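Working notes, structure below.
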Ligand SMILES: Cc1cc2nc3c(=O)[nH]c(=O)nc-3n(C[C@H](O)[C@H](O)[C@H](O)COP(=O)(O)OP(=O)(O)OC[C@H]3O[C@@H](n4cnc5c(N)ncnc54)[C@H](O)[C@@H]3O)c2cc1C
């Protein structure tokens, strides 16, 4: 029997991120994956700004950008009849280079530190795997299937099967199921998913080296990320990170039909190869609970959304980052019982909100698609009227899928036992982000006078942020954290911008940069802040 502190089941992007976040903290972690190796199968392609901020804290943002889409390619979204005709709708979204310039130009807390990054899941997974494999405390085992688990007062024993059919047991203090939508771990715990099972679509992956260069710029849509075809098959074409691979989604009967759909969408003769084709189901589902006892669940195992809005993997990466520091703090001895209890309270509310955001986005898409009529292409007054109508509705409805900045950056943990919560607070909005340091919120990004971001100064423990040259005596608060064995750093930042954006002299942050407490004067019993923050 092998022994670990944490056993992770499933090496999708969520399990791999969790393994890296634990491994960087020195936690003895075993990651098992039933597949023999990462697969070249298309799924997610857009890491959102918040995930990129998290990957930056793991030291991975530059590597992910180097492996992903070139930084000069725009992320525009189109509604088209075909690729060789001017688009019906053209929505402009900046390339990473342009987004960086926009981020650099403002300092009011409204921007993320990192722009989004287009990187195909089949590129990201091997990259994360290679990072996890370099961490001395992490053991990565592909070709190892989770079968069953038993838990007791002090740990979990999992039975696993290797590719040669032999079985073994792995013992760990905690187990995390990052094993996707079908999650055998969730099933074994008897936790149900609730919500809606929606339609099935086919997705095919193509290699087409010439398409990117042949997309007409003047009399066609031009370069971008998504090309939605106005038809009755819900067809859309997605550029993958190499610009040589493309995926097409459509409601068709047979795999073979996906060739005709690709050719019809591309509309000019191109050399291409259809590499894979599979069915996938659109779901809007949330688990009743995020674990039991010493077993936790993260990612698609607990929330399944329609990719509109790009909140699938991105929500799961947030789960992994949240759970990692709480598991580490508990295993390192300074995390109290509320720390792991807060995981479900904090992350399930985000899961629930993001399932709602995805529903909102997909209803918008359904609304403009509902305007399609077979005679739409006709050069008749009726055809023109139908096109005009679809365009008018799509201009309002389609941005719902691509402009989720509020859901991405603005989530705030409410009613958490490890936040010094106060009633009220800014409303959660999917599409608007209002920078705030209300307890529970993510610390907004601010540039310092020397041109560096404040986020890079926040270390991987608790931080007492002293702003605007405050003279408040925070030594007692630092001592309170230290007395609990919790790592704490006091950071004095005299620059004007953070004090102005954050609105308070003092802020206490947790390792994931969420605000625990803020104020101008410390309470008489600073130990209460440290006790709450550490879950004691
Ligand atoms: C077409 C499409 C487009 C998408 N686009 C986006 C997007 O742009 N942005 C976004 O954020 N999300 C997107 N998503 C969603 C995203 O792909 C998922 O949310 C993401 O894969 C979830 O990651 P995960 O690690 O939780 O689960 P998975 O990626 O499903 O990984 C689970 C892993 O667990 C393994 N496993 C399962 N059972 C066992 C077992 N018994 N033993 C060992 N291992 C096991 C599986 O083999 C798998 O490798 C998209 C999805 C689809 C289908």
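Over the chain, what is the mean sequence separation of C-alpha contacts under 8 Å (at least six apart), divided by residue count, expressed as relative contact order in percent? Kindly include the intermediate steps, with their values, before the conclusion.
Working: 1198 pairs, mean separation 80.9, N = 536.
Relative contact order comes out at 15 percent.
Please give the peptides 168-174, 77-83 ranked by average Cβ packing (other Cβ atoms within 10 Å per residue), highest first, as a rough proxy for protection. Please list the in-between numbers first.
Values: 168-174: 18.9, 77-83: 21.6.
Ranked from most to least packed, the peptides come out as 77-83, 168-174.
With the radius of gyration and the Kirkwood radius both derived from the Cα set of the stretch 348-472, what is their ratio Rg to Rh?
Numbers: Rg = 22.0 Å, Rh = 18.3 Å.
For the stretch 348-472, the value is 1.20.
Determine the shape class of the stretch 285-397: with a ≥ b ≥ c the square roots of the Cα gyration tensor eigenvalues, call it rounded for a/c under 1.5, and otherwise prolate if a/b is greater than b/c, oblate otherwise.
Working: a/c = 5.05, a/b = 4.39, b/c = 1.15.
It is prolate, given that a/c is not under 1.5 and a/b is the larger ratio.
For the stretch 437-491, evaluate the Debye formula with one uniform point scatterer on each Cα (no solvent term) and list log10 I(q)/I(0) at q = 0.16, 0.29 Å⁻¹, rounded to two decimals.
-0.58, -1.25
Please give, to one decimal in nm, the separation of the simple spin-label points placed at residue 389 and residue 332, each 7 Å out from Cα toward the Cβ.
Here the answer is 6.1 nm between the modelled labels.
Quick check: pseudo-label points 7 Å beyond the Cα along Cα→Cβ at residue 101 and residue 373, how many nm apart are they?
4.3
Taking square-rooted eigenvalues a ≥ b ≥ c of the alpha carbon gyration tensor, is the stretch 228-287 rounded, prolate or oblate, where a/c under 1.5 means rounded and, failing that, a/b exceeding b/c means prolate? Walk me through the intermediate numbers first.
Numbers: a/c = 1.81, a/b = 1.50, b/c = 1.21.
Prolate, since a/c reaches 1.5 and a/b exceeds b/c.
If you average 1/r across every pair of different Cα atoms in the stretch 1-139 and take the reciprocal, what Kirkwood value do you get, in Å? Walk me through the intermediate numbers first.
Numbers: mean 1/r = 0.0590 Å⁻¹.
The answer is 17.0 Å.
List, largest first, the extents of the alpha carbons of the stretch 250-348 along their principal axes, each in whole Å.
63, 25, 20
Once you have the alpha carbon radius of gyration of the stretch 459-536, what is it after dividing by 2.2 N^0.38 Å, with N set to its residue count?
Values: Rg = 11.6 Å, N = 78, 2.2 N^0.38 = 11.5 Å.
Expressed relative to 2.2 N^0.38 Å, the Cα Rg reads 1.01.
Quick check: pseudo-label points 7 Å beyond the Cα along Cα→Cβ at residue 429 and residue 40, how many nm apart are they?
Calculated label separation equals 4.5 nm.
Rank by packing, highest mean first: peptides 410-423, 514-527, with packing defined as the count of other Cβ atoms within 10 Å averaged across residues.
Values: 410-423: 18.8, 514-527: 17.2.
Put in order of decreasing packing, that is 410-423, 514-527.
What is the angle, in °, between the Cα long axis of helix 257-266 and the longest principal axis of the Cα atoms in the chain? Nearest 10 is fine, range 0 to 90.
Computed tilt is about 80 degrees.
Note the angle between two axes, namely the Cα long axis of helix 121-134 and the longest principal axis of the Cα atoms of the chain, as a number of degrees from 0 to 90, rounded to the nearest 10.
30
Could you calculate the contour length gain from residue 521 to residue 62, that is, 0.36 nm times the residue separation minus the distance between their Cα atoms, to one decimal place in nm? Working shown, then result.
Numbers: separation 459, 0.36 × 459 = 165.24 nm, distance 3.91 nm.
The span from residue 521 to residue 62 would gain 161.3 nm if fully extended.
Would you calculate, for the chain, the mean residue ellipticity at 222 nm contributed by helices, counting each DSSP H stretch of 4 or more residues as -39,500 (n - 2.57) and dividing by all residues, to the nearest 500?
Values: 16 runs with 172 residues, N = 536.
Calculated at 222 nm, the ellipticity per residue is -9500 deg cm²/dmol.
For q = 0.19 Å⁻¹, what log10 I(q)/I(0) does the stretch 110-212 give under the Debye formula with an equal point scatterer on each alpha carbon and no solvent?
For the stretch 110-212, the Cα-only Debye profile gives -1.21.
Answer rounded, prolate or oblate for the stretch 182-261, using the Cα gyration tensor with square roots of eigenvalues a ≥ b ≥ c: rounded when a/c is under 1.5, else prolate when a/b is larger than b/c, else oblate. Write out the running numbers ahead of the final one.
Working: a/c = 2.57, a/b = 2.12, b/c = 1.21.
In terms of gyration-tensor shape, prolate.
Per residue, what volume in Å³ does the Cα convex hull of the chain take up? Mind showing how you got there, number by number?
On the way: hull volume 80.3 nm³, N = 536.
Convex hull of Cα atoms, per residue: 150 Å³.
Measure nothing fancy, just the Cα-based angle from helix 96-105's long axis to the longest principal axis of the chain, in degrees from 0 to 90, nearest 10.
For helix 96-105, the angle is close to 50 degrees.
What fraction, in whole percent, of alpha-carbon pairs in the stretch 379-535 exceed 25 Å separation?
Details: 4906 of 12246 pairs.
The answer is 40 percent, as a whole percent.
Would you order 270, 396 from fewest to most other beta-carbon atoms within 10 Å of each residue's own beta-carbon? List each step's numbers first, then the result.
Numbers: 270 15, 396 11.
The order, fewest Cβ neighbours first, is 396, 270.
Between residue 278 and residue 196, 0.36 nm times their residue separation minus their Cα-Cα distance comes to what?
On the way: separation 82, 0.36 × 82 = 29.52 nm, distance 2.09 nm.
Here the answer is 27.4 nm.
For the stretch 366-419, what is the convex hull volume of its Cα atoms per residue in Å³? Before the final figure, lay out the partial values.
On the way: hull volume 4.5 nm³, N = 54.
In the stretch 366-419, the Cα convex hull volume per residue is 84 Å³.
Read-outs throughout are calculated quantities, based only on the coordinates presented, and are distinct from any laboratory measurement. None of the values given here were measured: they were computed from a predicted structure. Because the Cβ atoms are built from the backbone with ideal geometry, glycine has one as well, and the counts that use them run over all protein chains shown.
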